[in-house]
Each structure stands twice: as C-alpha cells, then as structure tokens.
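Novice: Here it is, the structure, as structure tokens.
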Amino acid sequence: MANNTIIFDLDHTLLNSQELKKRLAIIMDIDTDLYNESYKERFGNRNEPYSLDKHIKFLQSKGRVKNGEIEFFRIKKKLDKDLPDLSSFLFKKYSEVIKQSGGENDEKILLTFGNQVWQKKKIEKLSVLKPLFDRIIIEEKEKENSELLKELANKEEKVVIVNDNLIETVKMLEVIGEEKCEVKIIKSIHSEKETDREFAEERGFEYYKSIEDLFNGEDDEKK
C-alpha cells in the first residue's frame, strides 16, 4: 500500500518563534518592541525571507545598534555562544505529535519557508528534530512554489498538513489538490483572530490552540 505524507511547518507550529525573537532581541542588545518594529519594517511584506544578517545590518543602517563589521560579528558570535541549541524553544509535546502522526510507513516531512542560511542554522540548532523526519526541506520561495507540492499533486495518496498559517495553507492546497488533503491549523499570530478560526471551520480544517492540544486531540471546534 502506498504511503501517505505528513507535512509539518516549523515556525509558530513546532517552534515558539515569538519567544525566540525575544531572546534574539536580548542578544542584539535591543528591546523586544524595537526588534519587532524593525522586523516588520524590513521583512514584513514577506517578499524577502527573514535573514538575521540583513536584520542586524538594517538596524545598523538606522543607527539602532552600533555600526561596523566588528559589532556585526560580535552579535553573530554572541548568538552562537548564547544559543548553541534551540530545543528549549520547541512547543511542549512536539515530539509526541510528530511520532503519533500517520502510520509506520507514512513519510514525515518538515517543510519550512525562509532564508536558506538562517533556516539551516536554526535546524542545525534543532538537532532533536532530525530523527523525527524523513525529509527536511527549506524553501526560500513561498511554499506553494515548492517542488515537493508539485510532486505530491501527482500522487493519489493522502496528505496531512500541520501549519499555523491559513493563507499559506490554502495556497498549498491549490497546488496539491484539497480533496486529498487533511489540514490541522495551529493557532498563532497568523491565525489568532476569531474570523480565522471561523474560516478554518468553514473549510473543514481542524483548528487547535496549540501543538499540545493537537497531541491531546482537543480540536477547538469541539470545545
């Protein structure tokens, strides 16, 4: 029997990216508000994936952190020293959710959008995830342009998507084919509005307040 595919997103789904941003702000010696404001100003439209290097240089260009290559490399060195491992930023029950998803022969894929250098560095610092997935794919383009999705579109087998971003998920479904997909939305800054939950329910998506709720089978619609 052919295998099904389970796709997991990383940021805001398995990884608590909001808490990670707070730690990065400390490393950059700026407050969280300035980090978030400059993040939105430089990368908010998502036409370009987030890059830590470009964020630091942007802050330098605006005079918000010390200028110069010495300061740039000091911040990067401090990042590696202070955050050698990011596993503490993973949401509770992440491992159990991944392990219990699908059958023994189903393929589990971590599909993440972002700058190749930054996402690769995060994944290197999340070594606990590697044994849980058959494939880890980083897409610098928007996910709907992924070769993986085109590959899955040509298969008949079921695809399960676990993601926090509603808009992104809908675009993925347009490529794969919604009729063979099962969607589990994890509440985040990309799906926290009441209208987001209502939209998810209307589309037949399962909606969870957290990965932990997904592990417990506590679909928000059932509460």
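The numbers here are math on the coordinates, done by the rules we state, and not lab data. What you are looking at is a predicted structure, and each value in this text was computed from that prediction instead of being measured. Don't worry about glycine lacking a Cβ; one is built from the backbone with ideal geometry, like all the others, and counts go over all protein chains shown.
Novice: Which entry in (i) 15.9; (ii) 14.4; (iii) 12.6 matches mean projected area of the Cα convex hull in nm² derived from the coordinates of this structure?
Specialist: (iii)
Novice: Per DSSP H run of n ≥ 4, the term is -39500 (n - 2.57); total these for the chain, divide by its residue number, and report the mean residue ellipticity at 222 nm rounded to 500 deg cm²/dmol. Present the calculation step by step, with values, prior to reporting the outcome.
Specialist: On the way: 10 runs with 96 residues, N = 223.
Computed mean residue ellipticity for the chain: -12500 deg cm²/dmol.
Novice: A further question follows. If we sort 183-192, 29-38, 14-23 on the protection proxy, mean other Cβ atoms within 10 Å, highest first, what's the order?
Specialist: Working: 183-192: 20.3, 29-38: 15.1, 14-23: 17.6.
So the peptides 183-192, 29-38, 14-23, ranked by packing, come out 183-192, 14-23, 29-38.
Novice: I'd like the antiparallel share, as a percent to the nearest 5, of DSSP beta bridges with both residues in the chain. Before the final figure, lay out the partial values.
Specialist: Details: 1 of 23 bridges.
Of the beta bridges lying entirely in the chain, close to 5 percent run antiparallel.
Novice: To continue, here is another question. Using θ = phi - 60° and the Karplus relation 6.51 cos²θ - 1.76 cosθ + 1.60, list the HN-Hα couplings for region 107-122 in order, rounded to whole Hz, with x at every Gly or Pro.
Specialist: With coefficients 6.51, -1.76 and 1.60, one gets 8, 10, 10, 9, 10, 10, 9, x, 4, 4, 5, 5, 5, 5, 5, 4 Hz.
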